[in-house]
1. So how do 49-59, 97-107, 161-171 stack up, highest first, on mean other-Cβ count within 10 Å?
2. Only sites in a loop by DSSP and with at most 16 other Cβ atoms within 10 Å count here; which GluC sites (Glu not before Pro) in the range 121-151 make the cut?
3. Treating only the Cβ of Lys, Arg, Asp and Glu as charged (+1, +1, -1, -1), what charge dipole size does the range 1-156 show about its Cα centre? Round to the nearest 20 debye.
4. Helix-derived [θ] at 222 nm for the chain: sum -39500 (n - 2.57) over DSSP H runs of at least 4, divide by residue count, nearest 500?
5. Quick check: residue separation of GLU117 and TYR3 times 0.36 nm, minus the Cα distance between them. What number comes out in nm?
6. Just checking my list (i) -0.38, -0.44; (ii) -0.23, -0.29; (iii) -0.26, -0.33 against log10 I(q)/I(0) by the Debye sum over Cα atoms at q = 0.08, 0.09 Å⁻¹ computed from this structure; which label fits?
7. For the range 32-92, what % of the accessible area comes from carbon and sulfur atoms, probe 1.4 Å?
8. Which of rounded, prolate or oblate describes the range 49-120 when judged by the alpha-carbon gyration tensor and an a/c cut-off of 1.5?
Amino acid sequence: MPYSCEGEIPALEGERVKLRRLTSRDAEEMFRCWSDPEVRRYADLPGMPDAASAAEMIRILNSLSLTDDSLRWGIEGAAGKLIGSCGINWWQLEGAYRGEIGCELSSPYWGCGYMSEAVSLVVGYAFEEMGLNRIEALTDPRNERAGRLFQALGFMLEGRLRQYRHTDKGFVDADMYALLRHEWEKSRKLQAEGNGREE
């Protein structure tokens, strides 16, 4: 039977981050993230004038899980502080078994490995629980940090989609990164074997 979340957004835990359902109580912290000029530079985010607009965004994101259109997690860092969000923006099972991942992290936490761990948790859930075969990530070509993140996680740069998105600054290109299930499984196997040798 094809995967269906039916509004459930399960908690996922890593070594340093926890992914959980966003709530209205997270509006202030997510407003700080979504309104951060550094975060918004290459992100296709709607205008975010205040915490109330962040609360509305959270409501919309959670409602999309009810119709199996999106799964979005808040990223908790140290001491339960919310530092960003990530998830599967959309997925298609029958005939494709693929989905698109999206993420953003407040700029004070860049370069600490939090997003790498968070995306790894989402990728694992997408392959193991959702049954996807391919996960895609579309990034602005100017966003070199995002490109390095996905390549470090095993995603392959497949090409550039010209004028793929329209933003308030006009049409922009998008780089297509993708990770296949068998590539992910092979990488996990090699990691497990490496860890076994270290022990």
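The values are calculated or read from the model by the stated rules, or taken from the named source; none is laboratory data. None of these values were measured; they are calculated from a predicted model. Backbone-built Cβ (ideal geometry, glycine too); neighbour counts: all protein chains shown. For the accessible areas, the whole protein counts, side chains as well, though only heavy atoms, and no ligand, DNA or RNA atoms are used. Shrake-Rupley method; radii C 1.70, N 1.55, O 1.52, S 1.80 Å.
1. So the order, starting with the most tightly packed, is 97-107, 49-59, 161-171.
2. Values: sites: GLU128, GLU129, GLU136, GLU144; in loops: GLU129.
Sites meeting the loop and neighbour criteria: GLU129.
3. 360
4. Numbers: 6 runs with 70 residues, N = 199.
Roughly -11000 deg cm²/dmol at 222 nm, from the helical runs in the chain.
5. Working: separation 114, 0.36 × 114 = 41.04 nm, distance 2.36 nm.
Between GLU117 and TYR3, full extension yields an extra 38.7 nm.
6. (iii)
7. Numbers: 1480 of 2700 Å².
Carbon and sulfur: 55 percent of the exposed surface of the range 32-92.
8. Here the range 49-120 falls in the oblate category.
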